[in-house]
Amino acid sequence: MYVRHLQVTDFRSWPHADLALEPGSTVLIGANGQGKTNLVEAIGYVATLGSHRVATDAPLVRDGASRAVVRAAVVNSGRELLVELEITPGKANRARINRGAVGRPRDVLGILRIVLFAPEDLAIVRGDPGERRRFLDDLLVARAPRFAGVRADYDRVLKQRSALLKSAGAARRSGGSADLRTLEVWDGHLARLGAELLAGRLDLVAAIAPHVTSAYASVAATEEATLPSGRVAHVRYRSSLGDALPEDYGVPQGPPADPAELEKALLTELERVRPQEIERGVSLVGPHRDDLELLLGELPAKGYASHGESWSFVLALRLASYHLLTEDGAEPVLILDDVFAELDRHRRARLAELVAGAEQVLVTAAVPEDVPPELTGARFDVCEGEVSRVR
């Protein structure tokens, strides 16, 4: 899989940009603020309908413009598809495939798969659980695009149910009563959608866990020695269901998670904590309360890992994602956005060595010296609103 052509109009800082790309390594060189990251961000948007830098679409539209357009020609197994996305803040975005309109923008998900490495990734290890849930859900959607709808529906139900809990709690505190029959209906919706999302996450963690351990060992081991004893990396899913979650779910070689079983467990737990939820006005059970534990030995990476170990874990998660998606039958495009400047010499060399054989690698860097020789392929200079191929 590779992106053959990218065109953007009024996207971020670019009134217009046009890039003819090819398989292998492509490097975008430019000083900070010149717009090189904006170009790979556009490719990421085609793959995920989101940005790795901002949470909403509004900043993606160039100042003074009413909309942004991104077009990408994607080649997969010899077949080319043109994906066009029209981003209009405050209105519904629109999408086309081969010039034909599709019903929903998320219908384009799955045409392009990417794995993106960026300095912001350090938050996966050091940030709050929401960062790790986002990592899981983004990868889940990349593997099975239908989960984009499941996640959106779950978020909608969670918002409605949380609003009802707040109003119920306020009514009780004022001496009134709340209609809990409505809450039971939302419990059912939350449990059904939550079970589907939870089952997908658990199966994903079971599949990716061996890749994380292997990738961390590849990145972190020095030239002279293997990893220190007890510093083996692994991941573990922590659910708000606690002991109600079957122990063999989410582990390698364990059985596939059963959504029906998880739905029953969620309903039981929701009933148990209902008094606390009404009192606090928040939903205390469900995938939105879960976490992906990142462990070095038995210690959490957050708070215990050094800066270098944290970066090794981040790289391991992204490399594991790449290997898992490749196993699924569609090798993703790798994007390394200003990541080499963040790494020490050893990790820089190891990462370059590990990704150099990918079908397409897109690299951004401030100066050519930041790019390891294994990845010095086609080069574009990005400067003062222009992107030009260096021959």
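Computed values, structure above
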item: Stokes-Einstein D (µm²/s) once Rh is taken as the Kirkwood radius of the range 1-136 over alpha-carbon pairs, at 4 °C in 1.567 mPa s; result: 82 µm²/s
item: Built amide H within the under 5 Å cut-off of His5, gap 5+; result: Leu21, Ala73
item: Arg12 long-range amide H proximity, modeled H, under 5 Å; result: Val61, Arg62
item: Total charge dipole magnitude, the chain, about the Cα centre, Cβ charges on Lys, Arg, Asp, Glu only, Debye to nearest 20; result: 1180 debye
item: Computed E for Asn98/Arg53 - FRET, C-beta separation, R0 25 angstrom, nearest 0.05; result: 0.30
item: Selection from Val387, Gly149, Leu81 lying farthest towards where the dipole of the chain points positive, charges on Cβ; result: Gly149
item: Accessible area per residue, Å², the range 192-328 with all protein chains present, probe 1.4 Å; result: 45 Å²
item: Near-label residues of the range 1-26 by backbone N, under 12 Å of a point 7 Å along Cα→Cβ of Glu359; result: 1-4, 23-24
item: For mean projected area of the Cα convex hull in nm², calculated from these coordinates, the label among [x] 25.6; [y] 21.5; [z] 18.5; result: [y]
item: Distance violations [Cα-Cα > 26 Å] among Lys36/Lys159; Lys166/Lys264; Lys159/Lys264; result: Lys36/Lys159
item: Cα-projected label distance for Asp328 with Ser13, points at 7 Å along beta-carbon direction, nm; result: 3.3 nm
item: Two-site FRET efficiency, Ser306 against Ala221, from Cβ-Cβ distance with R₀ of 22 Å, rounded to 0.05; result: 0.90
item: Gaussian network model of the chain, Cα within-10 Å springs - most flexible of Ala220, Ala341, Ala206; result: Ala341
item: Surface share of carbon and sulfur [accessible, 1.4 angstrom probe, percent] for the chain; result: 49 percent
item: Solvent-accessible ranking of Arg201, Arg113, Arg53, largest area first, probe 1.4 Å; result: Arg53, Arg113, Arg201
item: 1.4 Å probe accessible area per residue over the range 1-148, in Å²; result: 42 Å²
item: Calculated from backbone phi, Karplus (6.51, -1.76, 1.60) coupling profile of the range 58-73 in Hz, x at Gly/Pro; result: 3, x, 7, 8, 4, 4, x, 9, 8, 7, 10, 10, 10, 10, 9, 9
item: Restricting the range 291-391 to GluC sites (Glu not before Pro) in coil, as DSSP defines it, with at most 12 other Cβ within 10 Å; result: Glu298, Glu384
item: Relative contact order of the range 44-123, pairs being alpha-carbon contacts under 8 Å that are 6 or more residues apart, as %; result: 28 percent
item: Amide H contacts under 5 Å for Gln360, placed H, 5+ residues apart; result: Gly24, Leu334
item: Shape call, the range 218-318: gyration tensor on alpha carbons, a/c limit 1.5; result: prolate
item: ³J(HN,Hα), Karplus 6.51/-1.76/1.60, whole Hz, each residue of the range 294-302, x for Gly, Pro; result: 10, 10, 10, x, 10, 9, x, 4, 5
item: Pairwise FRET efficiency - Arg391 versus Arg289, Cβ, R0 = 45 Å, nearest 0.05; result: 0.25
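The values are calculated or read from the model by the stated rules, or taken from the named source; none is laboratory data. Please read all numbers here as calculations on a predicted model, not as lab measurements. All Cβ positions, glycine included, derive from the backbone under ideal geometry; neighbour counts span all protein chains shown. Side chains included, ligands, DNA and RNA excluded: accessible areas come from the protein's heavy atoms. Shrake-Rupley method; radii C 1.70, N 1.55, O 1.52, S 1.80 Å.
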